[in-house]
Structure formats: C-alpha cells, structure tokens
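See structure below.
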Amino acid sequence: GIQVEQSPPDLILQEGANSTLRCNFSDSVNNLQWFHQNPWGQLINLFYIPSGTKQNGRLSATTVATERYSLLYISSSQTTDSGVYFCAVHSGTYKYIFGTGTRLKVLA
Amino acid sequence: EPEVTQTPSHQVTQMGQEVILRCVPISNHLYFYWYRQILGQKVEFLVSFYNNEISEKSEIFDDQFSVERPDGSNFTLKIRSTKLEDSAMYFCASLGRAHGYTFGSGTRLTVV
C-alpha cells in the first residue's frame, strides 16, 4: 500500500516565524488533504489539494503530484497553530492513509 | 459550514461491555467512514460505508466491530465486547465531492 511520510516529526518555533512541513507519498494519489489536530484532538480540515497551490490566510499548500510530495507553509506562526499536522492521501479506493504527522509547538 | 456530529465526546466503559458510538454525517454526502487514533499515534482507517453496506474494512475491523446506518441520518459504530486496547479516539468522517473528508470532533473511548 501507499506509504506516507511527513517531515520533520517535531518542530518548535518562536511566534512570528515561518515554517514548511513536507509530506512525501510513495505512489500516485487521487486526493490529498492536510489536517490540523488541535490540542483537544479535533481534526480540522486545512486544505483539500490533490494538485496545485491553495492559500488560506497565513497558510498555504502546494502539491506536486508528479513528484509525489506536498508542502504546507505556515507564515507568521501563532501559538494557536500548535498541534499536530497530518497529511492524508488516497488512491483508487476512498480510504485515506494518514502520515505520521508533524508535531508543532509555537512559543510565545 | 456543514459539520459531522459525533456523540458522546467521551465515553468510559468497563472491559467486556458493548459500546455504540454515534455520528451524524453531512446530509448530502454518500460515503461514510470510521477511523481511530490510539493516543500519540497516527490516524488509522477502520471501515468505509456506501450505499448501506461496508465497501472496505481494515484488519483492525474484526468481528467485534459493526457499523449501521439505521435511519438514513445516523451512522453508528458498535464494539461488542470492549478490550483495553480499544481505548482510542474514534473519528467519523463523510466524503463530499468538492471538499474531501470532513471529520467529526471525535469520541474518546476509555476502556477500564
């Protein structure tokens, strides 16, 4: 099955800093989403981005499907950005395979 | 924005007891899912449901698990005889064409 790897596994930032999170996947995919899991455990949909680039406020994402990776950019980070960021992909069936996540902590 | 609603948010149960986790997916979605996340680990697929039947299930989804859409709006996950290792966050999700998955806020199941 598809393997999904995320890097870095852990990231500590000072408030205001920018960061790039990466998601690599081992095979072609039909869809890809980025989620933020907040400290209460909720999975918040950030981007549905099978290809191309999208922006939503301080966050943006780019998926290069032909090269099997996606990037999530966080600019001017805030303490509320803390949590775990997951990418999830699916191919063929509609089952999503989640990556292992990037745990982000933003310090005030 | 439409939401997926899960109840209860937290359930504590004795080992060996049956639990039913409830979900109300987004009304015009056709595909429904259960995922689980053991504390500190990644989110794992359990089962997908389409057209009133299971379309795919993982090896985790053994005979102790079942799903049902009893009334056209609710979508339930039943665990017949809970084990300690069933303690996890359980997420329901539904799939829409344009926006991908929408997850519910989860049910934290604690088996004691």
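I'd like to check something: does the stretch A:64-74 contain any residue that is touching a residue at least 12 places away in the same chain (Cβ under 8 Å) and farther than 18 Å from A:N31 by Cβ?
yes
I'd like the full set of residues that are of a type in the set (A, V, I, L, M, F, W, C) and farther than 15 Å from A:S91 by Cβ, limited to the stretch A:62-78.
Answer for the stretch A:62-78, where residues must be of a type in the set (A, V, I, L, M, F, W, C) and farther than 15 Å from A:S91 by Cβ: A:V64, A:L71, A:L72, A:I74.
If you take the residues of the stretch B:30-71 that are in a strand (DSSP E or B) and out of contact with any Phe, Trp or Tyr (no Cβ under 9 Å at 6 or more places or on another chain), which of them is nearest to the other protein chains (Cβ to nearest Cβ)?
The qualifying residue nearest to the other protein chains (Cβ to nearest Cβ) is B:E53.
With the requirement that a residue be loosely packed, with under 15 Cβ neighbours inside 10 Å, away from every other protein chain (no Cβ under 12 Å) and either assigned to a strand (DSSP E or B) or of a type in the set (F, W, Y) (or both), what does the stretch B:9-19 give you?
B:V12
For chain A, which fully contained strands (runs of 3 or more DSSP E) count at least 2 residues that are out of contact with any Ser or Thr (no Cβ under 9 Å at 6 or more places or on another chain), surrounded by 15 or more Cβ atoms within 10 Å (Cβ to Cβ) and not aliphatic (A, V, I, L, M)?
A:31-37, A:83-90
On the basis of being assigned to a strand (DSSP E or B) and either out of contact with any Pro (no Cβ under 6 Å at 6 or more places or on another chain) or farther than 21 Å from A:F86 by Cβ (or both), does B:S81 make the cut?
no
Coordinate-derived values only; no laboratory data. Given the structure is predicted, the values throughout are model-derived calculations rather than measurements. We place every Cβ from the backbone using ideal geometry, glycine too, and count neighbours over all the protein chains shown.
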